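The numbers here are math on the coordinates, done by the rules we state, and not lab data. Computed from a prediction, not measured in an experiment: that's the story for all the values here. All Cβ positions, glycine included, derive from the backbone under ideal geometry; neighbour counts span all protein chains shown.
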Amino acid sequence: MKKILYLECNSGISGDMTVGALLDLGADKEVLEKALDSLNLTGYHLHFGRTKKCGLDAYDFDVHLETEHQHSHEHDHSHEHDHSHEHDHSHEHDHSHEHDHSHEHDHSHEHDHSHEHDHSHEHDHSHENHQPHEHRNIGDIYKIIDRLAADERVKAMARRMFDIVAEAEAKAHGIPLEEVHFHEVGAIDSIIDIISVAVCVDNLGVDEIVVSPLAEGFGSVRCQHGVIPVPVPATANIASTYSLKLRLTDNEGEMVTPTGAAIAAALKTEDRLPSSCQILKTGMGAGKKEFKQANVLRAMILSEEEDLAGDEMWVLESNIDDCSGEALGLAMESLLDAGAADVWYTPIFMKKNRPAYMLSVICKKNQIESMEEILFIQTTTIGIRRCPVNRTVLPREKRTVMTQWGEAEIKVCKYKDREFYYPEYESLKALCRKSGLDYQTIYRNLQREG
């Protein structure tokens with residue numbers, strides 16, 4: 001059974017929304033807190049709880065910097081994030097471009113909650129113990145991740161998300177990556193959000209991750225440099241580079257933060273859900289804005305049987321009229337050795353009545369790139385068509401049988417209450433040569449033995 005994580009981003013996506021949804025799905029809170037403690041970062045505490053969004057119960061995860069309440073008289077969050085359009089997390093921290101409450105710091109997104117906040121992760125450090133304006137570059141982030149008490153795959157996932165954000169910001173500012181000090185990716189809440197996502201995803205133990213199109217708003221937001229359009233440049237860069245699908249809505253304001261876009265880009269392994277699956281569990285992560293729809297990120301754990309009748313494969317095709325038979329033979333061998341499900345040639349006529357061959361390959365989606373590389377290197381093709389196909393596959397198993405001439409392998413296929421026995425060709429050939437008998441005699445004998 002394949003376990004799929006599905007992120008439904010109908011109200012955008014941000015770091016805290018994702019962490020909340022994953023915790024609501026069943027990611028272990030104690031494992032997360034232990035991992036975050038190993039970073040040895042101070043100056044923040046975590047809030048875990050529940051809240052209502054359009055009447056829906058959702059998990060609320062929030063990172064509170066300890067300087068927030070100490071600077072309420074100037075609470076535009078500029079001390080936290082140079083670019084409020086990014087890691088002010090329009091979903092996450094109710095920033096100045098959303099609420100003009102510079103002197104009324106009531107955190108309304110916190111106090112409509114019917115929960116108690118868990119302060120177990122709170123550190124008793126005054127704001128003098130850390131620099132609220134501290135800037136970190138990507139190298140500094142790597143050093144923090146290296147301290148994480150987790151498997152290497154978790155660290156690699158976190159690095160990947162930070163790399164995506166850093167590259168997008170570098171492009172947005174027109175500065176080489178190595179020369180940019182990102183206040184955004186260095187901010188404490190961004191570090192906690194991204195590393196928490198990596199820890200929780202690993203803890204859930206999923207096989208595939210599917211991300212829906214990202215709903216985004218319109219208009220503009222204000223950062224310290226001025227007014228910038230939605231989607232903000234970093235988010236737009238990530239969506240463009242990683243082929244994320246955006247669904248523009250009539251909601252005014254930012255719905256997809258750069259952190260959220262980076263999470264989607266780094267985690268996505270499949271573009272779409274299987275044709276049928278079973279919902280095992282649903283989680284809701286709360287955002288901090290109010291829209292006409294519930295501002296939540298819904299996450300689901302789905303199951304898909306491995307041997308479904310609608311098994312999806314891909315067909316790659318190329319028409320070739322200028323390649324030798326020897327080269328085509330090597331290409332077929334190379335494709336099959338690389339794991340292609342099947343390879344065949346069809347005689348065709350091309351322009352100017354040239355005799356040619358159409359080379360066809362069946363493979364899985366994650367094999368497309370490697371198959372195309374073989375085709376471009378081993379043949380003279382300059383273009384490849386591809387399309388998804390569905391196939392019906394019988395459950396099968398290999399069985400070894402003993403004959404008077406030695407061992408042989410048989411493929412056993414099942415259909416409803418019937419079984420079919422197909423001797424493997426290589427076994428047939430070996431037994432024919434060893435016994436001196438003909439193909440049909442060995443074939444019938446193996447079917448009886450099966």
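If r is the Cβ-Cβ distance from Ala327 to Asn353 and R0 is 25 Å, what FRET efficiency results, to the nearest 0.05?
Efficiency, from the Cβ-Cβ distance: 0.70.
Relative contact order of segment 396-449: 30 percent, from C-alpha pairs under 8 Å at least 6 residues apart in sequence. For segment 396-449, the dipole from Cβ point charges (+1 on Lys and Arg, -1 on Asp and Glu) about the Cα centre works out to 140 debye, to the nearest 20.
A simple spin-label model places the labels of Leu248 and Tyr425 5.4 nm from each other, with each point 7 Å out along Cα-to-Cβ.
May I ask you to compute the full-extension gain from Glu317 to Ile382, defined as 0.36 nm times their residue separation minus their alpha-carbon distance, rounded to one decimal in nm? Write out the running numbers ahead of the final one.
Numbers: separation 65, 0.36 × 65 = 23.40 nm, distance 1.15 nm.
Separation in residues times 0.36 nm, less the Cα-Cα distance, equals 22.3 nm.
Please compare each pair in Lys53/Lys281; Lys34/Lys143; Lys29/Lys52; Lys143/Lys289; Lys3/Lys364; Lys281/Lys364 to a cut-off of 23 Å on the Cα-Cα distance and tell me which ones are over it. Too far apart for the 23 Å limit: Lys143/Lys289; Lys281/Lys364. Overall, segment 311-391 carries a charge dipole of about 400 debye about its Cα centre when +1 sits on the Cβ of Lys and Arg and -1 on the Cβ of Asp and Glu, all other atoms neutral. Annotation for Arg433 and Phe218: the two label points, set 7 Å from Cα along the Cα-Cβ direction, are 7.1 nm apart. Once the Cβ-Cβ distance of Gln404 and Lys52 is raised to the sixth power relative to R0 = 51 Å, the FRET efficiency obtained is 0.10.
Once the piece of chain linking Lys416 and Leu41 is laid out straight, how much longer is it, given 0.36 nm per residue of separation minus the C-alpha distance between them?
Details: separation 375, 0.36 × 375 = 135.00 nm, distance 5.90 nm.
Residue separation times 0.36 nm, minus the Cα-Cα distance, leaves 129.1 nm.
A simple spin-label model places pseudo-atoms 7 Å from Cα toward Cβ; at Arg153 and Asp337 they are separated by 2.9 nm.
Can you tell me how much longer the chain between Ser240 and Glu30 gets when fully stretched, taken as 0.36 nm per residue apart minus their C-alpha distance, in nm with one decimal?
Details: separation 210, 0.36 × 210 = 75.60 nm, distance 3.64 nm.
The span from Ser240 to Glu30 would gain 72.0 nm if fully extended.
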